[in-house]
Number of protein chains: 2
Amino acid sequence: MIDQNEIIGLIAAVCTTLAFIPQVIKVWKTKQTMDLSLRMYSIMFIGILLWLVYGIRIDSLSIILANVVTAILVGTILVYIIKGKQ
Amino acid sequence: MIDQNEIIGLIAAVCTTLAFIPQVIKVWKTKQTMDLSLRMYSIMFIGILLWLVYGIRIDSLSIILANVVTAILVGTILVYIIKGKQ
């Protein structure tokens with residue numbers, strides 16, 4: 001049985017992972033990224049890739065899964081920001 | 001001694017926490033938040049508060065510290081977005 005703390009942690013992880021979805025939808029619809037920080041998304045992307053490496057090394061499926069999803073979402077926003085700068 | 005995996009995890013945590021700083025600086029300087037998703041920052045803020053609850057319950061100082069810092073950064077961006085909508 002999963003204890004109460006792990007349920008809170010799981011909901012927390014779902015929130016901080018899926019939070020990027022509305023931002024992806026917004027940039028995809030508007031193509032406007034002027035107010036988004038390229039530095040933020042670059043550092044975030046590097047951090048998520050490191051979380052992924054960490055997850056693989058300690059063999060944690062939940063860390064791997066959460067960070068694959070977040071990497072795709074943050075990576076998409078990053079591509080739109082870079083495209084918008086050109 | 002801290003093992004190599006924990007060093008990777010630590011750098012990952014620093015990146016995904018401090019990534020929000022350039023975005024805070026950007027909204028503070030420009031006061032422009034039109035392209036930022038209110039939904040993203042609302043869900044993210046709730047997620048971080050839940051991480052904080054999780055950290056307190058499992059008594060993890062690093063989870064508590066990281067999420068206090070992130071809550072302040074994300075909370076600041078959220079306030080600017082809400083102000084910008086008024």
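All of the numbers you see were taken from the coordinates with simple rules; none came from a lab. Computed from a predicted structure; not experimentally measured. Here the Cβ positions follow ideal geometry from the backbone for every residue, glycine too, while neighbour counts run over all protein chains shown.
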Checklist entry - Considering every pair of different Cα atoms, what Kirkwood radius, in Å, is found for segment A:42-86? => result 10.9
Item to check | Where Rh is the Kirkwood radius over Cα pairs, Rg/Rh for chain B | outcome: 1.05
Item to check | In nm, spacing of pseudo-spin labels at B:Trp28 and B:Leu10 (7 Å Cα→C-beta vector) | outcome: 2.7
Checklist entry - So how strong a dipole does chain A carry about its Cα centre when Lys and Arg Cβ are +1 and Asp and Glu Cβ are -1, to the nearest 20 debye? => result 620
Checklist outcome for this item: Measuring from the longest principal axis of the C-alpha atoms of chain A, the long axis of helix A:20-30 (C-alpha) lies at a number of degrees, nearest 10, equal to 20
Next on the checklist: Once you keep just the Cα pairs under 8 angstrom separated by 6 or more residues, what percentage relative contact order results for chain A?
Outcome noted: 42
Checklist entry - Hey, got a sec? Which trypsin sites (Lys or Arg not before Pro) in segment B:26-85 land in a DSSP loop and have at most 12 other Cβ atoms within 10 Å? => result B:Lys31
Item to check | Leading residue at positive end of dipole, the protein assembly as shown (Cβ point charges), from B:Ile82, A:Val14, A:Ile43 | outcome: B:Ile82
Checklist outcome for this item: Expressed in nanometres to one decimal, the distance between label points 7 Å along Cα→Cβ at B:Val68 and B:Arg39 is 3.3
Checklist entry - What does the average come to when, for each residue of peptide B:27-37, you count the partner chain Cβ atoms lying within 10 Å of its Cβ? => result 4
Item to check | Within straight-line cross-link reach of A:Lys26, aspartates and glutamates at Cα separation under 15 Å, skipping those fewer than 8 residues along the same chain | outcome: A:Asp35, B:Asp35
Checklist entry - Angle between the Cα long axis of helix B:4-18 and the longest principal axis of chain B, 0 to 90 degrees, nearest 10? => result 20
Checklist entry - Which net charge results when you count Lys and Arg as +1 and Asp and Glu as -1 among the other residues whose beta-carbon is under 9 Å from that of B:Thr33? => result +1
